[in-house]
1. Starting from segment 402-413, take each residue that is modelled with pLDDT of 95 or more and list its partners that are basic (Lys, Arg), counting only C-beta distances under 7 angstrom and pairs at least six apart or across chains.
2. Taking LYS171, is it in a loop (DSSP other than H, G, I, E, B), within 23 Å of the chain's Cα centre (by Cα) and not small (Gly, Ala, Ser)?
3. Determine whether segment 411-422 contains at least one residue that is closer than 30 Å to THR33 by Cβ and buried (at least 17 other Cβ atoms within 10 Å of the Cβ).
4. Do any helices (runs of 4 or more DSSP H) lying entirely in segment 1-92 carry at least 3 residues that are surrounded by 12 or more Cβ atoms within 10 Å (Cβ to Cβ), and which ones are they?
5. Of the conditions (1) in a helix (DSSP H, G or I); (2) closer than 28 Å to THR422 by Cβ, PHE215 clears all except one; give me its number.
6. Answer yes or no: is there a residue in segment 208-231 that is at positive phi, of a type outside the set (Ser, Thr, Tyr), in contact with a Lys or Arg (Cβ under 8 Å, 6 or more places away or on another chain) and within 10 Å of the ligand (Cβ to nearest atom).
7. How many residues does segment 179-206 hold that are surrounded by fewer than 19 Cβ atoms within 10 Å (Cβ to Cβ) and either over 15 Å from the mean Cα position of the chain (by Cα) or of a type in the set (Gly, Ala, Ser) (or both)?
8. Do the conditions hold for GLU384, that is, is it assigned by TED's automatic domain parsing to the domain that holds GLU231, part of a helix (DSSP H, G or I) and charged (D, E, K, R)?
Amino acid sequence: MITPDKVKNYVKKAFPHFGINKQFQITRLIYETAKRERLPLENIKKDISKYEKFDCLKRYLVDRRYPGLSIDERNKKLYLPQLQINPKCETKIGKLSVSPKNIYIEESVKSSFLANRFKDKFPKAKFAIIPSIKSFIKDRKFSISDYNKRQDNFFIIRERFDFFKICPCTKSAKRCGYHIFNLGMGCVYECTYCYLQEYTNSPGIIIPANIEDFFDAFKSYKHNIRLGTGEFTDSLALDDITGFSPMLIDFFKNYPESTFEFKTKSNNIKALLLAKPSKNIVIGWSLNPQKIINQNEFYSTSLAERIKAAKDCIASGYSVAFHFDPIIYYDGWSKDYKQVVDLIFDTIPDKHIKWISLGTLRFSPVLKKIIENRFPGNTILDGELFLGFDNKMRFSDKVRYGIYENMRGWIKQRSKGPFVYTCMER
Ligand code: SF4
């Protein structure tokens, strides 16, 4: 694998006349080209040896790095920040075992059911009572390396204000009206593209213990909405520890005008199968081809396990939903994604599928630098992503709209039933 330092040193030596900002751009373009094409630096050096002027060299490298973009896209919206990859920030993927070392409990919830569950489940952990998470964090700075160790630290807190909100979506996009039930922040899975990585100032995984206050708040909230817990965490990954799902089902069955969704990449459905289902409870799985799961969704369950869990939930009386989000574009994407669409309809009777969402990969420019630090061997950043309509890194309009048209077509060929919508799109 190409190392950033090698490229930096080469550019400094070969193009001392460029000035610092121009060197940064060329360094990044060479690094990304070599990484994407799986070539050693020597090959690229040979190819660019005839370019001396910055403009010509940059044009050559941009054309090679982004062959699918239009001239306009190449000229205006590339994001070529300084290459700053610290090998100490790499996250090591091993085997998932949720076994926190430290459990911090806010004073006001020290006797809560959740605090007691954690004491039962993790007798070897160190427990500490803290006045509040705010005062705990106050003077501390957290880094990417701390984020890599977030599973060591759990915080059981009292949520005071932030119970529900409408999904803010993204600038200039059409909202779907989803509401976020903010029951937890942080996730034990490791998805390369996860936007929670931007919260590297977070000290660990935060779970509110006062679920009854969420329920009280909902009584005076809107009642004909779609809402769910899977925005800042995976809805079910920790369900065997929190025991939240039976309480949520029991509460929301009284609000049949609303639809409550557990959004997950897990098959942690034991508690769901034991609970009494209700028609307005939907279990939604995020889906991707197994190849993408292997490369990007570490610790989550396999595609087959997700589909099997969906089947089991249907047999138990629940409705299901599927989220193709993020869809990642690569050579051969259409064959792989069509297979997943076919797998759904070959396995799941369509009358049980409430909705299917489609959303292509997008993330903030800040996340690009975090991904390349945490997952230096990633392949998702090799795609032709540039600053899109909402200033997030996206594939071109042509690629995205082609994906949506194909996916919608494959779904509609198999069933007219499920509501299909795009997420965070114009
Ligand atoms: S499952 Fe969702 S919340 Fe968890 S790491 Fe993956 S993208 Fe993030």
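The values are calculated or read from the model by the stated rules, or taken from the named source; none is laboratory data. All of these numbers come straight from a predicted model, not from anything done at the bench. Cβ placement follows ideal geometry from the backbone for every residue including glycine, while neighbour counts extend to all protein chains displayed.
1. TRP410/LYS338
2. Working: in a loop (DSSP other than H, G, I, E, B): yes; within 23 Å of the chain's Cα centre (by Cα): yes; not small (Gly, Ala, Ser): yes.
When the stated conditions are applied, LYS171 passes them.
3. No, because not a single residue in segment 411-422 is closer than 30 Å to THR33 by Cβ and buried (at least 17 other Cβ atoms within 10 Å of the Cβ).
4. The qualifying helices (runs of 4 or more DSSP H) are 4-14, 20-37, 41-48, 54-65.
5. For PHE215, the failing item is (2).
6. no
7. 3
8. Against the criterion (assigned by TED's automatic domain parsing to the domain that holds GLU231, part of a helix (DSSP H, G or I) and charged (D, E, K, R)), GLU384 does not qualify.
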